[in-house]
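The values are calculated or read from the model by the stated rules, or taken from the named source; none is laboratory data. These numbers were taken from a predicted model, which means no experiment stands behind them. Cβ atoms come from the backbone with ideal geometry, glycine included; neighbour counts cover every protein chain shown. For accessibility, only protein heavy atoms count, side chains too; no ligands or nucleic acids. Shrake-Rupley method; radii C 1.70, N 1.55, O 1.52, S 1.80 Å.
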Amino acid sequence: MHYLPFKGDGLFHVDCDHKYSITCGIYYCTTTEGSRERAEAACKTIKETSGNQNVFVKIIDLSIMASVRKFAEDFTKEEKRLDILVNNAAVSGMKKTMTEEGLEYSYATNYLGPFLLTNLLLDLMKKTPNSRIVNVSSIVNMFGSVSFDTLNGEKYSIAGTYYDTKLLNIMFTKELARKLQGTSVTTSCLHPGSVRTELLRNIPVFVRVPFQIMGLLFFKTCEEGAQTTIYCAISEDLQGVSGHYYMDCKDYENTIWISKQAYDEGLCKKIWEVSERLTESK
């Protein structure tokens, strides 16, 4: 059984179309009831084009930890294995907003929710031989600067928060890889490229429209943008490799395209501990 959380349009649908055989199960997880219709339409297409009827829609709001816990509880009761977990959800361009649980919305959606979800599903993944966790980050991690005492929007800026959460995705991957040593579970993170999705839908129109025009000319299609996610999820080349960062289906470890903070093991460990406290996952 494979699980992929989803927010927005594009990448997930292409991933599913290419990744899975007729015998596998796919969970198409969208974040709100309002986007269920799009999720159902995508699942219908996947079923028709692949012949795979084991495709399901589930609602999970990654900004609400109670929703994450409920999903994980139900999933572990229903399923006996989990081969691939792709954390792909992200928002950008949002004003600072606090959730009912006291977490900042963008930090919760982009980082804390996936952090909690992954940890809640780890026991199941450890029971599944050679399972993989794939965290979708971004090249803008280079502009991020994180501290263990600013994980809940204490120093919030609209652009900076997206940069920081994408760096946190990488730091999470690296610390997770260290914690998974001695198991058959591996993890990786990636930059999918500049892709024509709805990620910019929340930024002002005068900024969004020029980017959309530029995107038609220079950005990747959703199919192209999904390739590195697919590579990290199923490539035999990555068997046993964990904690690395990828772009264009190539290993980009220790390059200028990844923040030096990602290699600060002490900081990664401290951020993990604070994340556990914020999500009440320990």
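Here are some notes:
- The listed residue being in a loop (DSSP other than H, G, I, E, B) and hydrophobic (A, V, I, L, M, F, W, C), out of 91, 134, 140: 91
- Test: residue in the stretch 67-79 that is hydrophobic (A, V, I, L, M, F, W, C), over 29 Å from residue 278 (Cβ atoms), in a helix (DSSP H, G or I) and in contact with a helix residue (DSSP H, G or I) (Cβ under 7 Å, 6 or more places away or on another chain): no
- Taken over the stretch 230-268, the criterion of being assigned to a helix (DSSP H, G or I), surrounded by 15 or more Cβ atoms within 10 Å (Cβ to Cβ) and not aromatic (Phe, Trp, Tyr) is satisfied by 230, 232, 233, 234, 238, 261, 262, 267, 268.
- Close pairs (9 angstrom Cβ cut-off, 6 or more residues apart or separate chains): at negative phi in the stretch 129-148, of a type in the set (Asp, Glu) and buried (at least 24 other Cβ atoms within 10 Å of the Cβ) anywhere: 141/164; 143/164; 144/164; 145/164; 146/164
- Taken together, the residues in the stretch 143-175 that are within 21 Å of residue 269 (Cα to Cα) and outside any helix (DSSP H, G or I) amount to 12.
- Scanning the stretch 150-173 finds no residues that are basic (Lys, Arg), open to solvent by 10 Å² or more (accessible area, probe 1.4 Å), over 22 Å from residue 191 (Cα atoms) and at pLDDT 95 or above.
- Some residue of the stretch 111-118 being open to solvent by 10 Å² or more (accessible area, probe 1.4 Å) and more than 23 Å from residue 191 (Cβ to Cβ): no
- Qualifying residue in the stretch 84-96 (condition: open to solvent by 10 Å² or more (accessible area, probe 1.4 Å), more than 19 Å from the chain's Cα centre (by Cα) and in contact (Cβ under 8 Å) with a residue 12 or more places away in the chain): yes
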